[in-house]
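All remarks here apply to the structure that follows.
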Amino acid sequence: MIQNVSQTQSEKQAVLSLRQLHLSLTQAGQEYELIKGIDLDLHGGEVVGLVGESGCGKSLTGNALLGLLPSAQAHVRSQNFLLNGKDDLRSADEGRWRKLRGRHLAMIFQEPQSALDPVFTIGQQMLRVIQRHSSVDRQRARDVAVASLADCGLVDSQRILQSYPHQLSGGMRQRVLIAMALSCKPEVLIADEPTSALDITSRDQVLALLRHAAVHHGIAILLITHDLAAVARICDRVLVMYAGRVLESGPAVALLNDPLHPYTNALLQATPHVCSSQPPMVKPIAGRVQALHLAVSGCAFTARCPRATDLCIRQSPDLRAGDGNKRHVACHYPLADFAT
Amino acid sequence: MSSTEPLLELRQLSVQHAVRSGGSTRLEAVRELSLSVFPGEIIAVVGESGCGKSSLARAMVGLVPASSGEIRIQGVPVQNLAGKARKNWHRQTQMLFQDPHSALSPRRTIADTLAEPLEIQEKVTAEQQKQQILAALSEVNLSSDILLRYPHQLSGGQKQRIALARALLCKPSLIIADEPLSALDVSEQARLLNLFSKLRSDKHIAFVLIAHDLAAVQQVADRVAVMYLGQLLELAPAARFFQGAAHPYSQALLKATQRNWQPGYWADPKEADEPVLKGEPPSALTPPSGCVFHTRCAQRLELCSEVVPGQHSLVQAASAAGAHQVLCHLYSTDKLPLHPSQQEKP
Amino acid sequence: MSTSADTGVAEPSEFSGQADAPYKGHGQSPWQQIFSSGPGLIGLLLILMFSLIWVAVAVGAIGQDWARASGGRWEGISREHWWGTNVLGQDIFQRSIYSVKVAFEIGMLVTLGSGLIGAVAGAAAGWRKDSWLDQSIVLLMGIIDSIPFYLLVAAVAFALQGHILAMELAMVICFWTTTARLVRAEVLRLREQEFVLSAHLLGLPDWRVLARHVLPNTSHVMLAQSAVVFAAAIKAEVILSFLGLGVQNGVSWGLMLAESTQEVLAGQFNNFWAASLPLFCLLLGFNLLADALQSALDPRQLPA
């Protein structure tokens, strides 16, 4: 059932399509390649998870999708970067990005406190955003704001509109930000660690809301997180990132239950799950994260990988497709054979 | 674990903070909370932010004063501790904080930081000092080349483990860990959980682990305490808690953690756009009447908004460590009418 | 008890040796950072140059002939008088050089005095926030700061007239408040930091926590503020001397500027330039150095 849905989705046109994203940063006269070729397709109504430990380049990727990196130091290049299959964003300048952000591409961040201006009420900030992207009068904009808040489960909308950010809890602020982002009906929402600063019940509420936005409003959502439980909770597809590369991608359920890449497996074994009986003890991944800016000749995970051989040090594995083109893995020795 | 004498005992402990907001000026962060910590056990305190778990942790080590009630260390009320005994309390009860980045002094090398607890203890020679520091480092799986570094050169997980090594150098019998996991990556979380578990069995150190992630808690906890608005809603042995939490709030927390996980298998996201609990916890400045949780409770009875529920024991345990207590009208034996969900309970 | 204890994975000690550039620091000591930043280096060189002049004057090698009328009135620039002479026939270059020593002495005294008082008062107030001590210090700072600066300096200098350090004392009284405020704010921030709480929990005595964990972390504020106060003292001296409340029985850039007001009207600019140019260079040096110190000594910028 789920497979059918994703099949039709892959045939459908991607809302945002990206091929071979490279990103390098110049610092002190030296150029460091941080993102080393990423392919990404976001479809309407689908939640895609971008998973990895801190320092793997997942937030950089998210920022690059919105043109948020300082063009003086960061050089973003890609073979293909299309919005709605026709708008080429590769050459977009700051003015163009500013028009796209909010209206077509929206983003929410980890720390909801810093994303809201403390001296204006929620209402003032929401109306400003709505009126900037659509030419409606104040009353109409207010209706849109109220509807958007109600849609996000914030029923006490009058009080919220009159509140200042510090008067709301962290979970509420995050939901207000989502409501604000959704009020302009964007095609794509990028959520960068939206739940890591939140409690378990607020986290549950925010994740439910993101799923709701994808299913009921057809928005394409990219969930950037290090939390595999959050991925399992709402994502249709997952990309696992490490040291600026995608190591594995595929449908969430298949990837989480039968990981192909040793890194995905290691992440899963480090993540605790609640069971009714005593679960197996989590296993930390040996060593530490490969620094993003250091160039490696072979597979970046070699130093921490239990299956690594000489081949892995010498040669970087390509991302191979398999299982009816649904799953991809970049590993010389994947954990299971899969038909290519 | 099952020693009868608790290491630390809280009796009807309340902690208040002065705040200026509206008319009310006192915020009751912890309300008449009783809890015992036994040697060598890991007791997890779970709850949302603002439920008072950090205030509780700070009261346990004496960083904030109790406004009423009592803290007893091995049977002696802390206000009666003086001189050497008081120093001993501080040495024996160490604390780990949430933010590893501010846990270490930025201008001091790791060696300086680790030497500090030894300097103020009984006289030790430089050689003994070095041996103890190296031993503590290997205890937390770090090598000695880290000693000459400064905190900002380390990752969050390494800093948290250095903070743990510093605590270990005090030879504590109890470590209070206030959200030690939430700023760390999964792999570092796993490493720290393994360390806690190892220190409990090897050194018989007790932990109060303050956390909000039940999945991490289940890895190591012997007992689970659920806090909401300054009160202890449920206290149970971990095995009992994860098989069937009794309080509706605990049940919601559990469901939020495990909803997509069937043993050994990640399930498809189903009904994923409905949260397990709606709304926000009420402000601790104006706690609801009756049961503090009644405003969000799906199994609310009529009397919940008026009558404060009493503590009910669900199991006749031989020791205090085995007790399962819940603060909820659903488990009252003399209150009528019975709620249908009560029949399902074991 | 739970069964998880024995399943802990044995893993080798982890090595931390991995270069983390370019994200953290630049692998440089504070001094290296100042040397490699253009403005910081210029500031440092300027200060070094003036320090050399100061030492030379202090040991009597140069600038001793500032009081003698060695030439005629308002002589121009010549081999004998490098910057001409003033109305009394005194050598302006000698006077300007000697003023470097006067300026440095004032700057040092005021910086040390106000820095010490400011640090002690600020640390005490911050450490014991909301105590009577803190409240009195804050109140006192409020009173001092609410009086226009030059008015207060002038009033104190006037009241202490005749005292040999009247002007310096007046400046210390005015200047310590800024340092105290900065130190207090920093101490307030630091004392809630978890490493300070941890130090308390280790059982360290209060004074030791303050001396070892709190005050060292305020040093970047103190040092940068010292450079600012040093410059401010020299500036204030000029104004006070100009008003007749400054240097008595001597010479200073302020006195020279006061002299030059009449001369400028008469078309004589030597005195004016000889006082203001070195003053400008010295102040520029301090400001550049203060900025460089501020960023180089920030604890997060320690060598990586």
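Laboratory data are not the source of any read-out in this text; all were calculated from the coordinates shown. These figures come from a predicted structure and were not determined experimentally. No Cβ is skipped: glycine too gets one built from the backbone with ideal geometry, and neighbour counts run over all protein chains shown.
Okay, helix-only estimate at 222 nm for chain B: each DSSP H run of n ≥ 4 adds -39500 (n - 2.57), divide by all residues, round to 500 deg cm²/dmol; what do you get? Could you put the intermediate results ahead of the total?
On the way: 10 runs with 103 residues, N = 346.
Computed mean residue ellipticity for chain B: -9000 deg cm²/dmol.
Given a Förster distance of 30 Å, report the FRET efficiency between C:Arg128 and B:Asn80 from their Cβ-Cβ distance, rounded to the nearest 0.05. Mind showing how you got there, number by number?
Values: r = 27 Å, r/R0 = 0.89.
Approximately 0.65, to the nearest 0.05.
Viscosity 0.692 mPa s, temperature 37 °C: Stokes-Einstein D of the stretch B:115-167 from its Kirkwood Cα radius, in µm² per second? Walk me through the numbers on the way to the answer.
Numbers: Rh = 11.6 Å.
For the chosen part, D equals 283 µm²/s.
Per the Kirkwood formula on distinct C-alpha pairs, the Rh of the stretch B:27-84 is how many angstrom?
Numbers: mean 1/r = 0.0781 Å⁻¹.
That comes to 12.8 Å for the stretch B:27-84.
Give the long-range amide H neighbours of B:Met95: residues separated by 5 or more places, or on another chain, with amide H under 5 Å away, using H modelled in the peptide plane at 1.01 Å from N.
Amide H neighbours of B:Met95, under 5 Å, 5+ apart: B:Ile176.
If the cut-off is a Cα-Cα distance under 19 Å, which aspartates and glutamates reach C:Lys129, setting aside same-chain residues fewer than 8 apart in sequence?
Qualifying aspartates and glutamates at Cα under 19 Å: C:Glu186, C:Glu192, C:Glu194, C:Asp206.
Two decimals is fine: what is log10 I(q)/I(0) at q = 0.10, 0.12, 0.14, 0.15 Å⁻¹ for chain B, from a Debye sum with one equal scatterer on every Cα and no solvent?
Results for chain B at q = 0.10, 0.12, 0.14, 0.15 Å⁻¹ read -0.65, -0.93, -1.21, -1.35.
With +1 assigned to the C-beta of every Lys and Arg and -1 to the C-beta of every Asp and Glu, and no other charges, what is the dipole magnitude of chain B about the Cα centre in debye, to the nearest 20?
Values: 34 positive and 32 negative charges, 160 e Å.
Charge dipole of chain B: 760 debye, to the nearest 20.
Return the distance in nm (one decimal) between the two label points of a simple spin-label model at C:Leu139 and A:Gln315, each offset 7 Å from Cα along Cα→Cβ.
Placing both labels 7 Å along Cα→Cβ, they lie 8.2 nm apart.
Which is the longest stretch in chain B that no exposed loop site breaks, taking sites as GluC sites (Glu not before Pro) with a DSSP loop state and at most 15 other Cβ atoms within 10 Å?
Details: sites that count: B:Glu122, B:Glu271, B:Glu306.
Between the exposed loop sites, the longest stretch runs B:123-270.
Project the alpha carbons of the stretch C:61-123 onto their principal axes and report the range along each, largest first, in whole Å.
55, 23, 17
Provide the descending list of Cα extents for the stretch B:195-317 along its principal axes, expressed in whole angstroms.
48, 37, 31
Which of the helices in chain C, when you take each full DSSP H run, stretch at least 20 Å along the axis at their Cα atoms and have an average Kyte-Doolittle score of -1.0 or higher? Please report the intermediate quantities before stating the final value.
On the way: long enough: C:38-58 (30 Å, 2.31); C:92-127 (50 Å, 1.15); C:132-146 (21 Å, 1.17); C:166-191 (37 Å, 0.79); C:219-242 (34 Å, 1.47); C:270-296 (39 Å, 1.05).
Length and hydropathy pass: C:38-58, C:92-127, C:132-146, C:166-191, C:219-242, C:270-296.
So, in nm, how far is label A:His75 from label A:Ala147 when the simple model puts each one 7 Å beyond its Cα toward the Cβ?
4.7 nm
Can you put B:Ser250, B:Ser34, C:Ser96, A:Ser91 in order of Cβ neighbours within 10 angstrom, beginning with the fewest? Don't jump to the answer; show the numbers that get you there.
On the way: B:Ser250 22, B:Ser34 15, C:Ser96 27, A:Ser91 7.
Arranged by neighbour count, lowest to highest, B:Ser250, B:Ser34, C:Ser96, A:Ser91 become A:Ser91, B:Ser34, B:Ser250, C:Ser96.
Say the cut-off is 20 Å between C-alpha atoms; which of A:Lys36/B:Lys159; B:Lys87/B:Lys171; A:Lys283/A:Lys326; B:Lys84/B:Lys203; A:Lys283/B:Lys171; A:Lys86/A:Lys326 go over it? Kindly include the intermediate steps, with their values, before the conclusion.
On the way: A:Lys36/B:Lys159 30 Å; B:Lys87/B:Lys171 13 Å; A:Lys283/A:Lys326 29 Å; B:Lys84/B:Lys203 23 Å; A:Lys283/B:Lys171 26 Å; A:Lys86/A:Lys326 24 Å.
Over 20 Å apart, Cα to Cα: A:Lys36/B:Lys159; A:Lys283/A:Lys326; B:Lys84/B:Lys203; A:Lys283/B:Lys171; A:Lys86/A:Lys326.
Rg/Rh for the stretch A:97-179: what does it come to with C-alpha atoms and Rh from Kirkwood? Write out the running numbers ahead of the final one.
On the way: Rg = 12.1 Å, Rh = 13.0 Å.
Taking Rh as the inverse mean 1/r over Cα pairs, Rg/Rh reads 0.94.
Compute, for the stretch B:136-231, the length of the dipole vector about the Cα centre, with Cβ point charges of +1 (Lys, Arg) and -1 (Asp, Glu) only. Units Debye, rounded to 20. Each step should come with its number before you reach the end.
Numbers: 10 positive and 9 negative charges, 59 e Å.
That gives a dipole near 280 debye.
Could you derive backbone 3J(HN,Hα) for the stretch B:5-19 from the dihedral phi with the Karplus parameters 6.51, -1.76 and 1.60 (θ = phi - 60°), listing whole Hz in sequence and x where the residue is Gly or Pro?
Residue by residue, the stretch B:5-19 yields 7, x, 5, 9, 10, 9, 10, 6, 6, 10, 10, 10, 10, 7, 9 Hz.
Using just the C-alpha positions of chain A as equal point scatterers, what log10 of I(q)/I(0) does the Debye formula give at each q in 0.06, 0.11, 0.15 1/Å?
One equal scatterer on each Cα of chain A leads to -0.22, -0.75, -1.33.
Using a 10 Å cut-off around each Cβ, can you sort C:Ser241, A:Ser316 from fewest to most neighbouring Cβ atoms?
Values: C:Ser241 25, A:Ser316 16.
Final ranking by Cβ density, sparse to dense: A:Ser316, C:Ser241.
On the Cα set of the protein assembly as shown, report Rg and Dmax in Å, please.
33.6, 115
Mean projection of the alpha-carbon convex hull of the stretch B:82-210 over all orientations, in nm²? Walk me through the intermediate numbers first.
On the way: hull surface 31.3 nm².
Dividing the Cα hull surface by four gives the mean projection, 7.8 nm².
Kindly put C:Trp31, C:Trp132, C:Trp127 in sequence by how many other C-beta atoms sit within 10 Å of each C-beta, fewest to most. All intermediate terms of the calculation are to be shown ahead of the outcome.
Details: C:Trp31 11, C:Trp132 8, C:Trp127 21.
In increasing order of surrounding Cβ atoms, one gets C:Trp132, C:Trp31, C:Trp127.
Assuming R0 = 22 Å, what is the FRET efficiency of C:Ala211 and C:Trp31, from their Cβ-Cβ distance, to the nearest 0.05? Write down the numbers at each step before the final one.
Values: r = 25 Å, r/R0 = 1.13.
The formula returns an efficiency of 0.35 here.
Going toward the positive end of the dipole of the protein assembly as shown, with +1 on Lys and Arg Cβ and -1 on Asp and Glu Cβ, which of C:Ile92, B:Ser283, B:Asn260 do you reach last?
B:Ser283
Which semi-axis lengths, in whole Å and largest first, follow from the square roots of five times the eigenvalues of the Cα gyration tensor of the stretch C:151-247? Walk me through the numbers before you get to the answer.
Details: eigenvalues 289, 31, 18 Å².
For the stretch C:151-247, the semi-axes come out at 38, 13, 9 Å.
Over chain C, what portion of Cα pair distances is larger than 29 Å, expressed as a whole percent? The partial results should precede the final answer.
On the way: 23378 of 46056 pairs.
In whole percent, the share of Cα-Cα pairs in chain C beyond 29 Å is 51.
To the nearest 10 degrees, how steep is helix B:110-119 against the longest Cα principal axis of chain B, on a 0 to 90 scale?
The answer is roughly 90 degrees.
With labels modelled as points extended 7 Å from the Cα through the Cβ direction, what inter-label distance (nm, one decimal) is found for A:Ser297 paired with C:Ser70?
Here the answer is 7.3 nm between the modelled labels.
Which length gain, in nm to one decimal place, applies between B:Lys203 and B:Ser34 when the Cα-Cα distance is subtracted from 0.36 nm times their residue separation?
Details: separation 169, 0.36 × 169 = 60.84 nm, distance 2.62 nm.
Gain on extension, B:Lys203 to B:Ser34, equals 58.2 nm.
So what's the angle, to the nearest 10 degrees on a 0 to 90 scale, between helix B:248-258 and the longest Cα principal axis of chain B?
60 degrees
By how many degrees, between 0 and 90 and to the nearest 10, does the Cα long axis of helix B:83-92 differ from the longest principal axis of chain B?
The answer is roughly 80 degrees.
Mind checking which aspartates and glutamates have their Cα closer than 16 Å to the Cα of A:Lys185? Skip sequence neighbours fewer than 8 apart in that chain.
Cα-Cα hits under 16 Å: A:Glu46, A:Asp143, A:Asp151.
In µm²/s, what is D for the stretch A:165-303 at 20 °C and 1.002 mPa s, where D = kT/(6 pi eta Rh) by Stokes-Einstein and Rh is the Kirkwood radius from Cα pairs?
Numbers: Rh = 17.0 Å.
For the chosen part, D equals 126 µm²/s.
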